[in-house]
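The next block holds one structure in the form of structure tokens; read it before the comments.
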Amino acid sequence: MRSKVTGAQRWVVKIGSALLTADGKGLDRAAMGVWVEQMVALHEAGVELVLVSSGAVAAGMSRLGWSVRPSAMHELQAAAAIGQMGLVQAWESSFAEHGRHTAQILLTHDDLSDRKRYLNARSTLRALVELKVIPVINENDTVVTDEIRFGDNDTLAALVANLVEADLLVILTDRDGMFDADPRKNPDANLIYEARADDPALDAVAGGTGGALGRGGMQTKLRAARLAARSGAHTIIVGGRIDRVLDRLKAGERIGTLLSPERGMLAARKQWLAGHLQTRGTLVLDAGAVAALSQGNKSLLPVGVKLVQGSFRRGEMVVCVAPDGREIARGLANYSALEAQKIIGQSSEAIVGLLGYMAEPELVHRDNLILV
Ligand SMILES: Nc1ncnc2c1ncn2[C@@H]1O[C@H](COP(=O)(O)OP(=O)(O)O)[C@@H](O)[C@H]1O
Ligand SMILES: N[C@@H](CCC(=O)OP(=O)(O)O)C(=O)O
């Protein structure tokens, strides 16, 4: 019996391209109908639901008669725009058969890394959930560029789980769960039933990338579980084709891989910071600064920084590394890279003399810093 699953009140369910599109032959409406029936049953049992649905590119490819995923960005974006129509139509009509409405939400990484937009997205999602509508979320593929993309919907789903403070993230995929080796290459691989999301041994088993249609593979699912764990959510990676999969999870059956959060929950602001996946530069710290940051709850002062790499503006995310290159923390810089170069190694009192003004005495304030 998995009490953390049976007792979960708010679920984010993520369904990958590989599952939704019946191996490239268009949307698998029958399978979608079966998941919808189960999601409606969960809803009736009082579970709050948010759906993250991939499949726009794959559905668009099938509408266009393309059998090979294009590599050109504009073709992918065109396919996504075409496919997203079919995708939301299919979800809406399927939920409507049970008297439920859906709402489309398309997000980019930028939407969640900007604090204001993040808070807006959060209140809209909360309102939808309260209205008993099922939000159907996908990446806004038409407008994304490499810099502002999540890249895969596993990550998007995890950030949504943080956003709505879900108890459970269910990642439905084309395998029965996470195996101790890639089952495509190792037919004898065994399913991992339970693990801690932060277990470093999992990195080795989740090595491979996605299938022909999906993007992420197990690696992004593992990363998603770790991100979701930051807001205290459990993650289940499970086969979407398993008979009555969601009903059986709700009933506490031991199917799929359950990845549990281990550390305490991060405060909401720190979760938001942790969701910034794109960093713009690196600060190489001296040993004293490494020791200070590692104690926790300390700001990074310019005096403890030896080197500035990359080009970032004030307010952008930078990585803080030890002299040996080990990542210690990441946080939002109070100064641009050019300014930082002028003030590193100096005491904070010297900042006004060096720059002609002082924004903040810290290079990265502790409220904007998360330890890695
Ligand atoms: N350790 C592992 N356990 C299970 N699947 C794995 C593992 N390593 C790699 N994979 C591959 O990840 C694939 C699922 O990821 P992906 O194709 O991105 O699907 P989705 O569209 O559901 O996100 C599986 O088909 C599998 O071949
Ligand atoms: N936004 C893309 C999905 C990205 C992707 O491939 O995700 P996934 O299949 O979940 O690994 C789409 O709708 O096609």
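Quick notes on this structure:
- Some residue of the stretch 13-26 being small (Gly, Ala, Ser) and away from ligand 2 (no atom under 16 Å from the Cβ): no
- Inside the stretch 218-243, residues that are surrounded by 16 or more Cβ atoms within 10 Å (Cβ to Cβ), more than 23 Å from LEU371 (Cβ to Cβ) and more than 16 Å from ligand 2 (Cβ to nearest atom) make up a count of 1.
- Exactly one residue out of TRP11, TRP66 is closer than 28 Å to LEU258 by Cα and of a type in the set (Phe, Trp, Tyr): that is TRP11.
- Unmet criterion (only one of (1) under 19 Å from PRO361 (Cβ atoms); (2) in contact with a Phe, Trp or Tyr (Cβ under 6 Å, 6 or more places away or on another chain)) for ARG280: (1)
- Selected residue [open to solvent by 20 Å² or more (accessible area, probe 1.4 Å), within 16 Å of ligand 2 (Cβ to nearest atom) and in contact (Cβ under 8 Å) with a residue 40 or more places away in the chain] from GLN89, GLN77: GLN77
- Qualifying residue in the stretch 183-191 (condition: within 16 Å of ligand 2 (Cβ to nearest atom) and open to solvent by 80 Å² or more (accessible area, probe 1.4 Å)): yes
- Long-range neighbours under 6 Å by Cβ, at least six apart or interchain, first residue touching a residue at least 40 places away in the same chain (Cβ under 8 Å) within the stretch 125-142, second open to solvent by 40 Å² or more (accessible area, probe 1.4 Å) and among the hydrophobic types (A, V, I, L, M, F, W, C): ASN138/LEU106; THR142/ALA81
- Residue under evaluation ALA8, criteria (1) away from ligand 2 (no atom under 16 Å from the Cβ); (2) surrounded by fewer than 17 Cβ atoms within 10 Å (Cβ to Cβ), criterion not met: (2)
- Annotation note: of LYS116, LYS132, the sole residue that is open to solvent by 20 Å² or more (accessible area, probe 1.4 Å), of a type in the set (Lys, Arg) and out of contact with any helix residue (DSSP H, G or I) (no Cβ under 8 Å at 6 or more places or on another chain) is LYS116.
- Helices (runs of 4 or more DSSP H) contained entirely in the stretch 47-117, each with at least 3 residues that are within 28 Å of ASN162 (Cα to Cα) and touching a strand residue (DSSP E or B) at 6+ places or on another chain (Cβ under 7 Å): 73-96
- Scanning the stretch 147-179 for residues that are open to solvent by less than 70 Å² (accessible area, probe 1.4 Å) and more than 16 Å from ligand 2 (Cβ to nearest atom) yields ASN162, LEU163, VAL164, ALA166, ASP167, LEU168, PHE179.
- Single unsatisfied condition, GLY208 versus (1) open to solvent by less than 30 Å² (accessible area, probe 1.4 Å); (2) within 16 Å of ligand 2 (Cβ to nearest atom); (3) assigned to a helix (DSSP H, G or I); (4) at pLDDT below 95: (3)
- Count of residues meeting criterion [assigned to a helix (DSSP H, G or I) and more than 19 Å from ARG10 (Cα to Cα)] in the stretch 119-152: 4
- Among the residues of the stretch 132-155, those that are of a type in the set (A, V, I, L, M) and either modelled with pLDDT of 95 or more or at positive phi (or both) comprise VAL133, ILE134, VAL136, ILE137.
- Tally of residues being surrounded by fewer than 22 Cβ atoms within 10 Å (Cβ to Cβ) and touching a residue at least 40 places away in the same chain (Cβ under 8 Å) across the stretch 285-300: 5
- Summed over the stretch 163-178, the residues that are in contact with a helix residue (DSSP H, G or I) (Cβ under 7 Å, 6 or more places away or on another chain), closer than 24 Å to ASP247 by Cα and of a type outside the set (Val, Ile, Thr) give a count of 5.
The values are calculated or read from the model by the stated rules, or taken from the named source; none is laboratory data. Remember, it's a predicted structure, so these values are computed and weren't measured experimentally. Backbone-built Cβ (ideal geometry, glycine too); neighbour counts: all protein chains shown. Surface accessibility is based on the protein's heavy atoms, side chains included, excluding ligands, DNA and RNA. Shrake-Rupley method; radii C 1.70, N 1.55, O 1.52, S 1.80 Å.
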